[in-house]
1. For the stretch 48-75, which residues satisfy the criterion of being among the small types (Gly, Ala, Ser), within 16 Å of ligand 2 (Cβ to nearest atom) and free of Cβ contacts under 8 Å to residues at least 60 places away in the same chain?
2. Return the total of residues in the stretch 104-132 being of a type in the set (S, T, N, Q) and either over 19 Å from the mean Cα position of the chain (by Cα) or open to solvent by 70 Å² or more (accessible area, probe 1.4 Å) (or both).
3. How about the stretch 205-294: which strands (runs of 3 or more DSSP E) wholly inside it have at least 1 residues that are away from ligand 1 (no atom under 16 Å from the Cβ), in contact with an Asp or Glu (Cβ under 7 Å, 6 or more places away or on another chain) and under 21 Å from Ile328 (Cα atoms)?
4. Looking at (1) part of a loop (DSSP other than H, G, I, E, B); (2) crowded, with 18+ Cβ neighbours inside 10 Å; (3) at pLDDT 90 or above, which is the one condition that is false for Ala303?
5. Take the stretch 69-86 and flag every residue that is within 26 Å of Met1 (Cα to Cα) and either open to solvent by 10 Å² or more (accessible area, probe 1.4 Å) or away from ligand 1 (no atom under 15 Å from the Cβ) (or both).
6. Look at the stretch 19-38 and say how many of its residues are assigned to a loop (DSSP other than H, G, I, E, B), more than 12 Å from ligand 1 (Cβ to nearest atom) and in contact (Cβ under 8 Å) with a residue 60 or more places away in the chain.
7. Among the residues of the stretch 134-179 satisfying the criterion of being of a type in the set (S, T, N, Q) and not in a helix (DSSP H, G or I), which is surrounded by the most Cβ atoms within 10 Å (Cβ to Cβ)?
8. Which of the residues belonging to the stretch 348-365 are in contact with a Lys or Arg (Cβ under 8 Å, 6 or more places away or on another chain), surrounded by fewer than 16 Cβ atoms within 10 Å (Cβ to Cβ) and of a type outside the set (D, E, K, R)?
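The values are calculated or read from the model by the stated rules, or taken from the named source; none is laboratory data. Keep in mind that what you see is a predicted model, and the values were worked out from it rather than measured. Ideal geometry is used to build each Cβ from the backbone, glycine not excepted, and the neighbour counts take in all protein chains shown. The area values use the complete protein model at the heavy-atom level, side chains included, leaving out ligands, DNA and RNA. Shrake-Rupley method; radii C 1.70, N 1.55, O 1.52, S 1.80 Å.
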Amino acid sequence: MNIHEYQAKRLLGTFGAPIAEGVAVYSPEQAEEWAAKLPGPLYVVKSQIHAGGRGKGKFKELGPDAKGGVRLAKSTEEVVAFAKEMLGNTLVTKQTGPAGKVVNRLYIEDGADIERELYLSILVDRSVGRPAFVVSTEGGMDIEAVAEETPEKIVNVAIDPEQGVTDADSAKLCDALELKDEARADGMTLFPILYKAFMEKDMSLLEVNPLIVMKNGRLRVLDAKVSFDGNALFRHDDIRELRDETEEDVKEIEASKWDLAYVALDGNIGCMVNGAGLAMATMDIIKLYGKEPANFCDVGGGASKEKVAAAFKIITADPRVEGILVNIFGGIMKCDVIAEGVVAAVKEVGLKVPLVVRLEGTNVELGKKILNESGLAITAADDLDDAAKKIVAAVNG
Ligand code: ADP
Ligand code: MG
């Protein structure tokens, strides 16, 4: 799960990280009211969407010459003018894809006097099995280019989770970021704080780009992007509250309501399966026969008829789906429940694409009988290979 920049900074602020004063607003009126309460004279108006690259992004409706999604304003009047231009319009950045994202919230923040822009992130480095800091003196808007062209300017410091961030770790990070005097002292306290936030809140990524050294020599977290491990959200009520569903795929929201594992992919065959292993095998065999999966929805073990129907509806809701393969190996999950769920869903939402069903395992005969007697145009398959061949053939017409 992702959150907005302003939410991420507030969260880091509660751990003691240095952030600017700012307010989130939803209308130009609110922008006017709240900007007046900031110290000024420089304000920054920042689009809040779940994507980076906003500074260099462009608004679809405003043309190529208009300013981007992060703007410096020199007066409250300018803040209001920017708010009017940005709210309700679609921001396209390197990370949003060509469709862009509609800006419904702005963050208005006190402007900082920037001396240097640095890069810092914390992630789980699977190659060493530890959380790790990744830092660079070349922060700001183009870290991808730095990684590509001058990878030696990116420094990785893995942390021993038994010890946490030691002074030696912090010193290494300070050296890598060329921090001196007050900025160095700030760094020595900031790095353990960020690590604590990362661990306590079960983050999968914490990215501060840029971390700035200000003209007064102090450090500040200027931008923050945070992702949380979805499997740990159950123990963080405060984080779940920050969810902004308007930023998420409606199908994924629906799937998470039903506790279904739904993953969107790029092809055109929708897959309903039970269990991650069978999902992988099903996708592999679809590819073997020359097609690509559009998604897979794992109904898991012991799903109800209603849950199966919800899964089927989520799969069919994707307009790219040109055919559906239901591949179930019933163990705990019973084939008749799958059959009932599929029939119920098809009766409700119709079936506009070919459907191939392969059932095996517990109550398989009953499941097949339900499908046969449903009167629906369902192609039955004998095994995984047969199922994949049949759905690929059906989609190829
Ligand atoms: P994004 O990464 O999505 O482009 P950032 O929050 O990193 O958005 O902002 C882009 C750039 O705008 C920063 O690299 C910085 O130069 C400038 N900027 C952002 N916030 C402020 C601020 N409060 N004061 C001064 N400059 C800012
Ligand atoms: Mg940034």
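1. Answer for the stretch 48-75, where residues must be among the small types (Gly, Ala, Ser), within 16 Å of ligand 2 (Cβ to nearest atom) and free of Cβ contacts under 8 Å to residues at least 60 places away in the same chain: Ala51, Gly57, Gly68, Gly69.
2. Residues in the stretch 104-132 being of a type in the set (S, T, N, Q) and either over 19 Å from the mean Cα position of the chain (by Cα) or open to solvent by 70 Å² or more (accessible area, probe 1.4 Å) (or both): 2 in total.
3. 261-264, 269-273
4. So the condition that Ala303 fails would be (3).
5. The one that is within 26 Å of Met1 (Cα to Cα) and either open to solvent by 10 Å² or more (accessible area, probe 1.4 Å) or away from ligand 1 (no atom under 15 Å from the Cβ) (or both): Val70.
6. The total comes to 2.
7. Ser136
8. Hit for the stretch 348-365 is Val349, nothing else.
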